[in-house]
Structure formats: C-alpha cells, structure tokens
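Q: The structure under discussion is supplied below as structure tokens; questions concerning it will follow.
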There are 2 protein chains.
Amino acid sequence: MTINLVCVGNLKEKFSKEAQAEYLKRLSAFCKVNVIELKEQNQLENPALIIEKEGEQILHNLKGFCVLCDIGSKQFSSEAFAERLSLLMQKTSVITFVVGGSFGVSEKVRSACNERISFSQMTFPHNLFRIMLLEQIYRAFTILNGKSYHK
Amino acid sequence: MTINLVCVGNLKEKFSKEAQAEYLKRLSAFCKVNVIELKEQNQLENPALIIEKEGEQILHNLKGFCVLCDIGSKQFSSEAFAERLSLLMQKTSVITFVVGGSFGVSEKVRSACNERISFSQMTFPHNLFRIMLLEQIYRAFTILNGKSYHK
C-alpha cells in the first residue's frame, strides 16, 4: 500500500519537521508514505493565478484514488475514516491525499479528485494540518490492526 | 486577559514541547497564557475511577469562564471562534479551556464548565490537540486584531 501526500508548501519550523518524521516512522510499519511538497506560488500577486499555477503542479502528481482535504466537505470520525481507508485499500494500492495552498485549490484539482474530506470547520496552518493528517492515517492503521493506540 | 489551559497529561515528545513554546511566545503579544498540566491517573485500572480522580484535579483548577473541549459538541469556524472569544473577553478577564484525559471527563467537570466546544469529529492525541487549541487561540487573536495571519 502506498499513500501519497501532495502538499503545497514546505515545512519550515523544526517542530513540524520532527513531528512529520515521527509519524512517517510510525507509519512505515503499515505502508509506504511519500510526501510530495510543491512550491507555493506566493510570489504571484493574483490569488486566482496562484491557485491555477499550484493546481498545475498538483494535477501532475495525482495518482491512484485521490482525496482532497477540503474544509467545507464531509467530516468523518476517526473510526469512520479508518473504515473508509480500509474499503479504498481493497480497491486500490495507491491513495493520494491533496493538501492545497493557503488560497485553496483550482476547480480542475477539485474535479480530478475522487473524494473530499474535512477534518474541522476551523482553518489550520498547512504545517499543522499535515501533522494532523499523518496522525489520522496512523490512527486509522492502528484501528484497522487492533492496536491499543486509539481509545 | 488571562487564558488558562487545564490539560490532563504532559507533553512528552520534543516536537510537542517546541510547538507549544512557539505558540506561547506568539500568544504573549496578546494575552497571558497559563498551561496547567494535571497528572494522568492511568495507574488506576478502572476508567470510571480515572475520570473521577482526574475530574477532582480539573475542578480544583477551574477559574473564570470555563470552556470544555469535547468531541461531540458544537463546532465553530475559526472566525466564529474568534468572535466568541471576543464576546467572552468583554465579560470576563479569565477564560479556562479544559482538555480532558484519554477517557474523557467526569459529569461534575461537564456541569462545572460554562460551555463546550468541538474542534473535529476526529479523535486527536492530547499533545497534538493542545497545539491545535493554542494555534486556534492565536489565530483568533490575529483575526480580532486584523493581522494578516488568517486567510
């Protein structure tokens, strides 16, 4: 099983990098995870252009079943998320999660993704959100494998 | 303005400590934040007893307007959370957020809190949740002060 995280923006803070490394290490027991960091196009002034340019890069990296992390969409409990992942893994060997930039993603990206998922009604910074996503994927695998991590 | 975080369990991982330190530093521009870490009672075998013992410690530390972080309760957008905080700050100079242990909190704690708030339908580990909470409080202050952090 391969899980790709396609993320706009790189991790700057040391704590984000360390947290990511920790969850990648834990996840390595269950699957292969690739983190694909795309360059933020914030040098451009026009948000529409930023979304368009970032979208091109995202589209280039969509593989397998693609899940867009999108604040306005459906929320799952951790158990329901684990169940959804389990179902998907019966159908595909590659799942790609897309974490857009601070201006969101283009309509093309939205259409190209197979599913949308929301973690919260709140807006989180992309570095923290990436850790939250990695943690939930790790949690999902512990749930599916009957480990004691999740209560 | 004083904001208290009453949390069951301490931060073990270096990255959690660094992330907390970073957000506390940023928050110091806006308010005084006290993080009160209470001991997890996991040496006890009975979850009901754990909740009871942890509850006693929590009750001892409730000051001002108390907000319980509770997975099943009402969610806010970051903007609505900021607005809510702003309203509360007109009425009180101390707000206490309560983050319970892994078995939840006692009915006494639930009754003693003035409000409940949920960040997500998902379950997050207490260390990561604490960072999410600090980040949203920081984000709220940047929204209320017209800073460019929130998009």
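All of the numbers you see were taken from the coordinates with simple rules; none came from a lab. Since the model is a prediction, treat every value here as computed from it, not as a measurement. All Cβ positions, glycine included, derive from the backbone under ideal geometry; neighbour counts span all protein chains shown.
Q: Cα axis of helix B:78-91 to longest principal axis of chain B: angle in degrees, 0 to 90, nearest 10?
A: Roughly 90 degrees between the two axes.
Q: Give the angle, between 0 and 90 degrees and rounded to the nearest 10, that separates the Cα long axis of helix A:47-60 from the longest principal axis of the Cα atoms of chain A.
A: Orientation of helix A:47-60: about 50 degrees from the principal axis.
Q: Separate question: Rounding to the nearest 10 and keeping the result within 0 to 90°, find how far the Cα-based axis of helix B:126-144 lies from the longest principal axis of chain B.
A: Its long axis makes an angle of about 20 degrees.
Q: Let me ask another. Jot down the per residue volume, in cubic angstrom and as a whole number, of the convex hull over the alpha-carbon atoms of chain B. Walk me through the numbers on the way to the answer.
A: Numbers: hull volume 16.3 nm³, N = 151.
Expressed per residue, the convex hull around the Cα atoms of chain B is 108 Å³.
Q: Quick one: Cα centre-to-centre distance for the range A:30-66 and the range B:109-151, in angstrom?
A: The distance from the Cα centre of the range A:30-66 to that of the range B:109-151 comes to 27 Å.
Q: Additional query: Output the lone cysteines of chain A: those with no second cysteine's C-beta under 4.7 Å from their C-beta.
A: That list is A:CYS7, A:CYS31, A:CYS69.
Q: Among DSSP beta bridges whose residues both lie in the range B:2-144, state the antiparallel percentage, nearest 5. Before the final figure, lay out the partial values.
A: On the way: 1 of 22 bridges.
Of all bridge pairs located within the range B:2-144, approximately 5 percent are antiparallel.
Q: Is the shape of the protein assembly as shown rounded, prolate or oblate, going by the alpha carbon gyration tensor and its root eigenvalues a ≥ b ≥ c, with a/c under 1.5 for rounded and a/b larger than b/c for prolate? Don't jump to the answer; show the numbers that get you there.
A: On the way: a/c = 2.03, a/b = 1.34, b/c = 1.52.
Oblate shape, in that a/c is at least 1.5 and b/c is the bigger or equal ratio.
Q: While we're here: Taking Rh as the Kirkwood radius computed over C-alpha pairs, what is the Stokes-Einstein D of the range A:38-104 at 25 °C in a medium of viscosity 0.890 mPa s, expressed in µm² per second? Present the calculation step by step, with values, prior to reporting the outcome.
A: Values: Rh = 13.6 Å.
Using the Kirkwood radius from Cα pairs, D works out to 180 µm²/s.
Q: Quick one: B:LYS91, A:LYS17, fewest Cβ neighbours within 10 Å first, how do they rank? Please report the intermediate quantities before stating the final value.
A: Details: B:LYS91 9, A:LYS17 14.
Least crowded to most crowded, the residues run B:LYS91, A:LYS17.
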